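The values are calculated or read from the model by the stated rules, or taken from the named source; none is laboratory data. This is a predicted model, so every value here is computed, not measured. Glycine gets a Cβ as well: all are built from the backbone with ideal geometry, and neighbour counts include every protein chain shown. Ligands, DNA and RNA are excluded from the accessible area calculation, which covers all protein heavy atoms including side chains. Shrake-Rupley method; radii C 1.70, N 1.55, O 1.52, S 1.80 Å.
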Amino acid sequence: QVQLEESGGGLVQPGGSLRLSCAASGSIFRINSMGWYRQGPGEQRELVAVTSSRGSTNYADSVKGRFAISRDNAKNTVYLQMNSLKPEDTAVYYCHADVTDYRWISGDFWGQGTQVTVSS
């Protein structure tokens, strides 16, 4: 089994910054990709940022230039640096990973979510 543990959410004023972390553990042979999704109140879950096994990245247009995704492969950890935060960034942020385990089986795994609230 694979577990994803998120941390770093909280309350921040508009224009402030937060850094989210997500550590993967368990029967991991390879992490094919890791990303961050978010879901605001009454909204569908949407992709925020994703990074592939080769290091390529993609961002939602709404966060491009403000957020940055990075990873530490040795720690199986992905980060989301969020700058210039806006009230519309308020959401529960979920870590996602596409993982191949030692049985050579790939699957999707999700973290429990961490709340980010941007408010004055």
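Data overview
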read-out	value
Subset of segment 84-110 [touching a Phe, Trp or Tyr at 6+ places or on another chain (Cβ under 7 Å) and at pLDDT 95 or above]	Tyr93, Tyr94, Cys95, His96, Ala97, Trp110
Output for segment 24-49, where each listed residue is open to solvent by less than 40 Å² (accessible area, probe 1.4 Å) and hydrophobic (A, V, I, L, M, F, W, C)	Ala24, Ile28, Ile31, Met34, Trp36, Val48, Ala49
Close pairs (6 angstrom Cβ cut-off, 6 or more residues apart or separate chains): farther than 27 Å from Gly8 by Cα in segment 91-106, open to solvent by less than 10 Å² (accessible area, probe 1.4 Å) anywhere	Ser106/Thr100
Count - residues of segment 52-69 that are of a type in the set (Ser, Thr, Tyr), modelled with pLDDT of 95 or more and assigned to a strand (DSSP E or B)	2
Per-region count, segment 1-50, residues at pLDDT below 95 and β-branched (Val, Ile, Thr)	3
Within segment 1-13, tally of residues that are touching a Ser or Thr at 6+ places or on another chain (Cβ under 6 Å) and either open to solvent by less than 80 Å² (accessible area, probe 1.4 Å) or on the phi > 0 side of the Ramachandran plot (or both)	4
When residues of segment 25-47 are limited to those that are in contact with a helix residue (DSSP H, G or I) (Cβ under 9 Å, 6 or more places away or on another chain) and in a strand (DSSP E or B), the one nearest to Trp104 (Cα to Cα)	Ile31
Of all residues making up segment 61-120, the number that are within 13 Å of Val2 (Cβ to Cβ), open to solvent by 70 Å² or more (accessible area, probe 1.4 Å) and more than 12 Å from the chain's Cα centre (by Cα)	5
